[in-house]
Amino acid sequence: MQASVSAAATTSPPPGAILAGPRRVVLSSPMKCGSTYAARILARYLGTDVPELTYDWLAEHMFTRELREQLAERPFVLTLHMRPHTSNLQAFVEDGVIGVVQWRNLADTIVSFDDHCLRYGAHNPIFYVDHVSFMRMPRTARHRYVIDRAIPWSLGFYLSWRRLPGVCLHPYEEMVRDPFGFFRFMLWQAGIAIDDARLREALVDIPEGSRYNVGVVGRGAHVLDEETQHQIERYVVDHPEFEELEVLLWELPWTPRTLERCSPFDGTTVRREGDETCWFVSRGIRHAVDSRWMVSRATHALRHPAVVDRAALSALRIGPALS
């Protein structure tokens, strides 16, 4: 699997690029990935809205006929916790909808979900919980309860979208670090016309109703105790598709304890000078990756490959390629 030299190349559309594209967008993500905020920024930029719709909130992982009928021919930006089931993707094609996918490190989503429950209630489309009973639980018990139910769902979400050709997962962490670059790449990747001045205007303040409450990367490292952190890691390590998910451990806001560190390059992407092939390294094993894989990553060390010498690279065993 060949990669471009740096993910930065794919996040820098040419100045003044004008690309034909839709004004009907569905932004899909697991819970608490910043999609409510992102949707309102996109709606501002596109001059449309985030519509108020009537639908069964327990079914918000599906682009249902009920939703499609309400949206009719209107432009919109809609947020759903949607998986790429065949019926959803076919509906996108039929209705001229572009799908955009967001992601966030697993630990911070758990902390943010607990915050959400305190403000808005514990109702969600992934698992049932009685809000009053949930709020009686100690904070750590709430975290662990949510991990047992939300993390398996999130891993399935990640795998199902990552396996579709051409799909990038836009990381929340980049949205916080560089909002302009984040949304510019999102527009470019979605095939939407780019107007830098218009985008800056859209980002001038936080839209009403965006639920952009904290906007801090890495809260999971400080809020979750060590046992709870380990609980998250075990769900990744014990998953049958561990090799595809392993990188998620290096996106956690702490050094993973369940992985044996075998190389100083573990948890990074590297390449050899003069060679555009890029490699993700973990446990002393290197996996060839492409630019789509890199731009979906949440840390600088994974998005931007470091240059290493031939001897250092040759010392790493070669594992399966990742895309």
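What to note about this one:
- Potential lengthening of the chain between residue 130 and residue 276 amounts to 47.3 nm, from the contour at 0.36 nm per residue minus the alpha-carbon distance.
- Among beta bridges that DSSP assigns inside the chain, antiparallel share in %, nearest 5: 35
- Over the residues of the chain, the helix contribution to mean residue ellipticity at 222 nm works out to -12500 deg cm²/dmol, using -39500 (n - 2.57) for each DSSP H run of at least 4.
- Distant-in-sequence amide contacts of residue 169, defined by a placed amide H-H separation under 5 Å and a gap of 5 or more residues or a different chain, comprise 296.
- Three-way shape call for region 102-216 based on the alpha-carbon gyration tensor, with the a/c threshold at 1.5: oblate
- Ellipsoid semi-axes for the chain, based on the Cα gyration tensor and the rule √(5λ), read 31, 27, 17 Å when sorted largest first.
- Residue with peak Gaussian network fluctuation, the chain [Cα springs, cutoff 10 Å], from 197, 43, 122: 197
- Förster radius 45 Å - calculated FRET efficiency between residue 69 and residue 310 (Cβ-Cβ, nearest 0.05): 0.15
- Each 5 Å bin from zero up to the one holding the largest Cα-Cα distance in region 101-159 carries the following percent of pairs: 4, 17, 32, 27, 13, 6, 1.
- Between region 258-323 and region 63-131, the Cα center-to-center distance that results, in Å: 32
- Cβ crowding within 10 Å ranks 307, 25 as 307, 25, fewest other Cβ atoms first.
- Near residue 76, the amide H atoms lying under 5 Å from its own belong to 24, 25; only residues 5 or more places off or on other chains count, and H is placed 1.01 Å from N.
- Burial order of peptide ranges 219-228, 103-112 (average beta-carbon count within 10 Å, highest first): 103-112, 219-228
Read the figures in this text as sums done on the coordinates, not as results from a lab. None of the values given here were measured: they were computed from a predicted structure. Because the Cβ atoms are built from the backbone with ideal geometry, glycine has one as well, and the counts that use them run over all protein chains shown.
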